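Quick notes on the structure that follows.
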Amino acid sequence: MQSILEIDSVMQSFDGRNILSDIYLKCETGDILGILGRNGSGKSTLLKILFGAMKGDHKFIRIDGEVYDKPFKTTGLVCYLPQHSFLLGHLAVATTVAFYLDGIGVDAFLDDELLGKLRDNKINSLSGGESRYLEIKLLLNMPSKFVLLDEPFNGVAPVMIDQLKTMITQHSATKGIILTDHDYNNVLDVANRYCLVYDGGIKHIETKNDLVRWQYLTVNSLD
Amino acid sequence: MTIPDKKQLKLLAIFYKSTLLFSIACGVMLGALNFQIFFVAFGFSFLSAGTVISLLYKEMSKQHEYYFYYNKGISKQTLIFTCILTNLVIGILLIIIGSYAKHS
């Protein structure tokens with residue numbers, strides 16, 4: 001079933017400085033929207049406002065025609081991967097999976113080359129990359145229409161990044177996915193739409209030359 | 001604030017359990033000052049300073065964990081309200097038990 005998420009008129013300032021001004025974004029089922037931007041450009045802020053964890057100075061969020069103030073409070077709409085691990089360190093991997101998937105399909109979820117051998121381990125014993133892999137797989141398997149991933153590739157080994165990209169592509173068949181990361185090559189590889197947060201606004205990106213034009217990359221960065 | 005469902009109640013219990021260390025420690029510290037009124041002092045500290053310190057600790061060093069609950073539809077307000085309400089009930093009960101025991 002096709003779902004549409006729109007966020008409009010987003011404004012956010014910190015200490016008198018405008019971070020986001022009048023942003024509009026749309027994401028539909030099947031979209032993998034890659035959002036790029038320099039440090040401090042407001043990518044994470046935008047995702048947090050969209051999720052509902054941050055209020056925002058102003059925003060308008062509509063999902064499938066209904067307006068939401070905090071989308072995360074309605075089950076099945078949106079889930080969010082923050083930059084830092086959100087899992088509880090004292091819980092075991094299998095326990096965490098059972099909580100998040102409501103006990104459904106836990107064995108199938110853990111029937112995984114990496115997670116299978118970690119099922120009884122505590123979350124705080126996992127490496128950063130293992131934890132990230134688990135978090136992303138959990139969120140993609142939740143019954144939510146949209147998944148927001150903030151720097152999913154951060155601290156993850158290249159071979160695991162490839163697995164994550166495959167997972168993201170597979171789940172985009174039934175979800176809309178928005179991701180941001182500084183690893184722009186992998187973002188450009190996995191996403192099917194792209195934009196750049198620049199000077200508080202959104203610039204739509206078609207090619208890498210657009211990233212140079214909007215000063216995200218230098219000419220030397222192009223292949 | 002909506003009423004949590006059964007699964008969300010389990011998660012609220014997990015959050016609440018994670019705040020108990022500081023609440024109980026504060027209660028024991030104040031209660032130990034005067035064993036004659038241990039339960040009264042424990043209860044009072046548990047529902048006041050213990051609650052505040054527990055939640056402040058969460059706010060200052062475990063902020064990222066709130067997303068564990070957000071992703072299951074539970075807001076920070078619900079988590080904090082549940083913690084305060086539960087500690088209030090337990091604290092008042094301990095104060096009543098302590099007062100009754102002292103006077104009997």
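The values are calculated or read from the model by the stated rules, or taken from the named source; none is laboratory data. Quick caveat: nothing in here was measured; it's all calculated off a predicted structure. Methodologically, a virtual Cβ is constructed for each residue, glycine included, from the backbone with ideal geometry; neighbour enumeration extends over all protein chains shown. Just so you know, the surface numbers come from the protein's heavy atoms only, side chains and all, with ligands and any DNA or RNA stripped out. Shrake-Rupley method; radii C 1.70, N 1.55, O 1.52, S 1.80 Å.
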## Note on the structure
Note to self, chain B gives a 222 nm [θ] from helices alone (DSSP H runs n ≥ 4, -39500 (n - 2.57) apiece, / all residues, nearest 500) of -26500 deg cm²/dmol
### nm² value of the averaged projected area, convex hull over the Cα atoms of the range A:33-129
8.4
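Given N residues in chain A, what is Rg(Cα) / (2.2 N^0.38 Å)?
Compared with the compact-globule rule of thumb, chain A sits at 1.02.
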### Task
Hey, could you get me the Stokes-Einstein D for the range B:1-42, Kirkwood radius over alpha-carbon pairs, 20 °C and 1.002 mPa s, rounded to whole µm² s⁻¹?
178
### Query
What are the residues whose amide H is under 5 Å from the amide H of residue A:198, where those residues sit 5 or more places off or on another chain and H is modelled from the backbone?
A:203
### Task
Quick one: P(r) of the range A:1-80 from all Cα-Cα pairs, 5 Å bins, percents rounded to integers, in order of increasing distance.
3, 14, 27, 26, 18, 8, 3, 1, 0
### Summary
Karplus ³J(HN,Hα) for the range A:133-141 (6.51 cos²θ - 1.76 cosθ + 1.60, θ = phi - 60°; Hz, whole; x = Gly/Pro) runs 4, 4, 4, 5, 5, 4, 5, 5, 8
### Task
Rounded to whole Hz and in sequence order, give me ³J(HN,Hα) for the range A:120-130 from the Karplus expression 6.51 cos²θ - 1.76 cosθ + 1.60, θ = phi - 60°, writing x for Gly and Pro.
9, 6, 6, 4, 6, 9, 7, 6, x, x, 5
#### Entry: Simple label model, 7 Å out from Cα along Cβ direction - residue A:182 to residue A:215, nm
1.9
### Query
Considering only protein heavy atoms, what is the solvent-accessible area of residue A:174 at a probe of 1.4 Å, reported in Å² to the nearest 10?
100
### Message
Report the number of Lys pairs in chain B whose alpha-carbons are under 28 Å apart, with separation of 8 or more residues or on distinct chains.
### Response
22
### Message
Using a Cα-Cα cut-off of under 20 Å, which lysines could be cross-linked to residue A:203, ignoring same-chain neighbours fewer than 8 residues away?
### Response
A:26, A:43, A:48, A:59
### Summary
If one builds a Gaussian network model of chain A from Cα atoms under 10 Å apart, the most fluctuating residue listed among A:84, A:171, A:182 is A:84
### Task
Please tell me the relative contact order of the range B:18-103 in percent, rounded to the nearest whole number, where contacts are Cα pairs under 8 Å and at least six residues apart.
39
### Task
Report, in whole Å, the centroid distance computed from the Cα atoms of the range B:1-76 and the range A:134-170.
32
## Note on the structure
For chain A, averaging the sequence separation of alpha carbon pairs under 8 Å that lie six or more residues apart and dividing by its residue count, the contact order in percent is 29
### Task
Take every residue in peptide B:59-72, count the Cβ atoms of other chains within 10 Å of its Cβ, and give the average of those counts.
6
### Query
Counting only protein heavy atoms, what percent of the accessible surface of the protein assembly as shown is carbon or sulfur at a 1.4 Å probe?
57
## Note on the structure
HN-Hα couplings for the range A:72-77 via Karplus (6.51, -1.76, 1.60; θ = phi - 60°), in whole Hz with x for Gly/Pro, come out as 5, 6, 9, 4, x, 9
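Convex hull volume of the Cα atoms in the range B:18-103, per residue, in Å³? Can you show the working numbers first?
On the way: hull volume 6.1 nm³, N = 86.
Taking only Cα atoms, the range B:18-103 has a hull volume of 71 Å³ per residue.
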